[in-house]
Amino acid sequence: MRRRKTSLNILTVLLGFGLFSALSSHSEEPRMPEILLEIADKATPERNVFLNAQRVEMYQSKVREEEDTVEKIKLRTFLPIELLRAGQIAAALEETLDLQRLAVQWNTPENAPVMRSFREFLALAYLRLGQQENYILQHSSDSCLMPIQGGGIHKIQRGSRMAIKGFLSLLEEEPDNLGYRWLLNLAYMTLGEYPGKVPEKWLIPPRVFDSDFEIDRFREIAPKLGVDINGRAGGSIVEDFDRDGYLDIMASSNGLRDQLRYFHNNGDGSFSEWTAKGGLLGQVGGLNALQADYNNDGYPDILVLRGGWFSVQGKDQGNYPNSLLRNNGDGTFTDTTIESGIFSLHPSQTAAWADFDLDGWLDLFIGNESTSNQIHPCELFRNNGNGTFTEIASKVKLDHTGFVKGVAWGDYNNDGYPDLYLSQFEDKNLLFRNDGPKGNGWSFTEVTAAAGVAEPKLSFPTWFWDYDNDGWEDILVASFTSHTEDNLDDVVADYLGLRKAAHPRLYRNNRDGTFTDVTKEARFDVVLMAMGANFGDLDNDGFLDCYFGTGHSKMDTLVPNRMFRNSNGRFFQDVTTSGGFGHLQKGHGISFGDIDNDGDQDIYAVLGGSYSGDTFQNALFENPGFSNHWITLRLEGVKSNRSALGARIKVTTLTKEGEREIFVTVSTGGSFGASSLQQEIGLGRAKAIKSIEITWPNRDRTVQKISGVGLDQFIGIREGAPKPEVLRLKQIDFSPGNPLKHTGHGGP
């Protein structure tokens, strides 16, 4: 009876959105790949601005059919930008040059802005042509890493040469245009002529890219390992899906027909693509993805989120289903979206798992995007403990409506119950306190004003973290930018110290239910335009650092992704340049994880923009190592949820200065990109571990204290077990031609 009822509910929903044929050949539920295919088939270039190849064909058809010469030319003016967005850059240049020749006869003072727009477009298109010919078609580890050097210097130079000519001409007429100035400097970089040949009056000084702290360079090894997927904006997960001791990679791309990709870590310095083997063919699209063991079987499952940003295009444009993919434990996944009860059609790209009621089963909150066109309340799916969920957001007052871009669970008041923070675009952010059981139900209270955590209004990724190691969860919420402003100018102005625009907020927990905005004193008042972001410990010093994938859908927004090092919990230092993290392509899903089992965290980044031709290869940054100590913990809940999400860990170390405490919480990190659930904890210059204390996420808040654990080991800890287990995991050496340095870690 339950299955038939579910089928009827799904049928009603799909019929309401005109998706009847997905069901017509099925007596029960359709398969998710068929639903996604039908949605893609029904998408039209008239309404979906990201179907750029189809939009090119649409305008070309209209041009052919139009008989009036003036109207024909007007229609042709739409073609260059669509061709550029579709990646057909040579055609975009040809069309623009032809239109420019036609427009010469109207080159009057009144039409000067039109002529300028042609020149501006040509300069940008030539710059993007150079990137396409050199970085995408001839990709290397140095491609698009700023400041550009080595293998990043263009071999085919025609694009950048023409771009320089164009931007120089434009700057002569508009010398204060910071966007032109930035792109001019980039073009010179790609030719190896920065800073020497940049005209002094328009030079962006190299010092503005200097790091605040010199950190060893991380090697970009995605091309070497074959995980440099060329795609659009998407999510990333670094996780050991088959529990063989090695972290695998999963990445999505937001195109309606872009395949979710799964790469298995073979443990020998190579990866194999397991997408087809894993049963994932047809799982397409998805701006974000994250993992959690929702059925407590010991294997991380996957949630893929779809429809984000599409809702701004009009009613029903963002109505896409998410996918819940159950891990079968044998390297394969089964779509359980419908049978689990979480199927719905809403625009979203953000969600978070937590056991909000501490019953031992993970629940799911999904932040949906409401606009003036259509209301999409947020959803809270309570885990029934039998593979199904019940949606209860309205019952607990979490059915919020807003344009939600980031969500995070964290216990900010240390009462044991996970609280919820929402980051919203063009609205105040919200903090909901988990009040625990009230009578026969559960209750959340919105406490944003009292806590003082509403800003910024233009925000995106967010997370809870204990950045200052005081045992209390702090909040970071990253800034984005308006769609109508000159966002590139804001970034350049910030680099040059001219003015400030929207910046992140770092809220330090006051331990009394309130927070203090410490952004400025922490040196975080920088203009980022953050999209994907996450945190981890770059140098194993025991303080959490963070990496931001930056950019905008606009084709001219080519700004470095930014890495910030935490200096002893006091302030943050930009280490983008010294660490080699300054990728110029649009940054999205960011994941930290020890890919090579050497005790330090590597970083996987999904790169690429929103438009169909604004693609780029993903990056994997290998940690060079910093000689600090570490401990990696794999926790297993028994009374708590199996993957121990929400567990609070305190590691007490012995140092020459005395005892030191390091605090972490089990999570996947930020709201856009998912790090491994194993906890990779830097211990700095510790001489020994005195104890590891775990507060398990159950209603009794069970505390388990362990001693006698050595440094630099992988440790498995089962809730309630008398002793931890030393995990002997082989280290991998990704260096070309080098033998493995170690055969294992740990031991008595």
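The values are calculated or read from the model by the stated rules, or taken from the named source; none is laboratory data. Predicted model, so just to flag it, every value in this text is computed and none were measured. So basically every Cβ, Gly included, is an ideal-geometry build from the backbone, and we count neighbours across all protein chains shown. What goes into the accessible areas is simple: the full protein's heavy atoms, side chains included, and nothing from ligands, DNA or RNA. Shrake-Rupley method; radii C 1.70, N 1.55, O 1.52, S 1.80 Å.
Quick check on the range 596-604. Is at least one of its residues in contact with a helix residue (DSSP H, G or I) (Cβ under 9 Å, 6 or more places away or on another chain) and either at pLDDT 95 or above or under 24 Å from R523 (Cβ atoms) (or both)? Steps first, please.
Of the range 596-604, the ones in contact with a helix residue (DSSP H, G or I) (Cβ under 9 Å, 6 or more places away or on another chain) are 604.
Checking the rest, the ones that are also either at pLDDT 95 or above or under 24 Å from R523 (Cβ atoms) (or both) come to 604.
Yes, the range 596-604 contains at least one residue that is in contact with a helix residue (DSSP H, G or I) (Cβ under 9 Å, 6 or more places away or on another chain) and either at pLDDT 95 or above or under 24 Å from R523 (Cβ atoms) (or both).
Within the range 45-103, the set of residues being open to solvent by 70 Å² or more (accessible area, probe 1.4 Å), touching a residue at least 12 places away in the same chain (Cβ under 8 Å) and acidic (D, E) comprises E46, E57. Within the range 447-488, restricting attention to residues that are open to solvent by less than 20 Å² (accessible area, probe 1.4 Å) and polar (S, T, N, Q), the residue that is nearest to I692 (Cα to Cα) is T462.
Considering each residue of the range 260-269, count those that are assigned to a loop (DSSP other than H, G, I, E, B) and open to solvent by 40 Å² or more (accessible area, probe 1.4 Å), and give that number.
2
Selection of the range 221-231 for residues being open to solvent by less than 10 Å² (accessible area, probe 1.4 Å) and closer than 19 Å to D600 by Cα yields I221, A222. State whether one or more residues within the range 419-440 are at pLDDT below 95, buried (at least 17 other Cβ atoms within 10 Å of the Cβ) and over 28 Å from G235 (Cβ atoms). No, that holds for no residue. Counting the residues of the range 545-559 that are within 20 Å of the chain's Cα centre (by Cα) and open to solvent by 10 Å² or more (accessible area, probe 1.4 Å) gives 3.
Collect the residues in the range 358-394 that are charged (D, E, K, R), open to solvent by 20 Å² or more (accessible area, probe 1.4 Å) and in contact with a strand residue (DSSP E or B) (Cβ under 7 Å, 6 or more places away or on another chain), keeping them in residue-number order. Please lay out each step first, then the result.
Pass one, the range 358-394, residues charged (D, E, K, R): 359, 363, 369, 379, 382, 391.
In the following step, the residues that additionally are open to solvent by 20 Å² or more (accessible area, probe 1.4 Å) were identified as 359, 382, 391.
Correct list: R382, E391.
Given the range 31-139, what helices (runs of 4 or more DSSP H) lie entirely inside it while holding 2 or more residues that are under 36 Å from the mean Cα position of the chain (by Cα), farther than 26 Å from R161 by Cα and among the polar types (S, T, N, Q)? If you could, list the steps in order and put the result at the bottom.
Working: elements: 32-42, 52-65, 69-76, 79-85, 89-103, 112-131.
The helices (runs of 4 or more DSSP H) meeting that bar are 52-65.
For the range 52-68, enumerate the residues that are at pLDDT below 95 and closer than 22 Å to G314 by Cβ. Matches in the range 52-68: none. V527 meets each of the listed conditions (1) buried (at least 20 other Cβ atoms within 10 Å of the Cβ); (2) over 26 Å from F432 (Cα atoms); (3) at pLDDT 95 or above apart from (3). Whenever a residue of the range 509-531 is over 23 Å from G551 (Cβ atoms), its partners that are surrounded by 14 or more Cβ atoms within 10 Å (Cβ to Cβ) and among the basic types (K, R), lying with C-beta atoms within less than 7 angstrom and at least six residues away or across chains, give the pairs F515/R508; T516/R508; D517/R505; V518/R508. The one condition from (1) assigned to a helix (DSSP H, G or I); (2) within 29 Å of Q88 (Cα to Cα); (3) not aliphatic (A, V, I, L, M) that K155 does not meet is (1).
The criterion of being open to solvent by less than 40 Å² (accessible area, probe 1.4 Å), touching a residue at least 12 places away in the same chain (Cβ under 8 Å) and either part of a loop (DSSP other than H, G, I, E, B) or not polar (S, T, N, Q) (or both) holds for G166. What are the residues in the range 232-259 that are open to solvent by 10 Å² or more (accessible area, probe 1.4 Å) and assigned to a strand (DSSP E or B), if any? Scanning the range 232-259 gives a single hit, Q259.
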